[in-house]
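Here the structure is laid out as structure tokens; the discussion comes afterwards.
The values are calculated or read from the model by the stated rules, or taken from the named source; none is laboratory data. Given the structure is predicted, the values throughout are model-derived calculations rather than measurements. With ideal geometry, Cβ positions are generated from the backbone for all residues, glycine too; neighbour counts draw on all protein chains shown. Ligands, DNA and RNA are excluded from the accessible area calculation, which covers all protein heavy atoms including side chains. Shrake-Rupley method; radii C 1.70, N 1.55, O 1.52, S 1.80 Å.
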Amino acid sequence: QVQLVESGGGLVQPGGSLRLSCAASGSIFILWNMGWYRQAPGKQRELVAAITSGGSTNYADSVKGRFTISRDNAKNTMYLQMNSLEPEDTAVYYCNTEVTPALGRRRSAYWGQGTQVTVSS
């Protein structure tokens, strides 16, 4: 089994910054692409940013130039540095990844429990 634990959310004023972390633990042989999603009240969950195991990244248009996704493969941890935060960024942020637990085993997708980010004055 694999666990994803997010941290770093909170309340911040517009224009402020936060750094989210997502630590994966458990039976991990290969940690594949990882991504951050968010879901605001009354809206569908949307992809914010994603990073491949090799470090290639892509971002939602709404966060380009403000958010930076990164990962530390040695620590099985992904980060999301969020700068110039706007009230529209308020949402629960979830991390997602696919894991191969052992050689020859099929890979499965996992979600974290979510961390609240609130941008308000």
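In nm, to one decimal, how far is the Ser25 label point from the Lys64 one, both placed 7 Å along Cα→Cβ?
About 3.8 nm, to one decimal.
Around Phe67, which amide H atoms from residues at least 5 apart in sequence, or from another chain, sit under 5 Å from its own amide H, with H modelled in the peptide plane?
Asn83
Restricting to DSSP loop positions (anything but H, G, I, E, B) with no more than 12 other Cβ atoms inside 10 Å of their own Cβ, which trypsin sites (Lys or Arg not before Pro) remain in region 1-70?
Of the trypsin sites (Lys or Arg not before Pro), the ones in loops of region 1-70 whose Cβ has at most 12 other Cβ atoms within 10 Å are Lys43, Lys64.
What accessible surface, in Å², does a 1.4 Å probe find on Thr77, ignoring ligands, DNA and RNA and rounding to the nearest 10?
20
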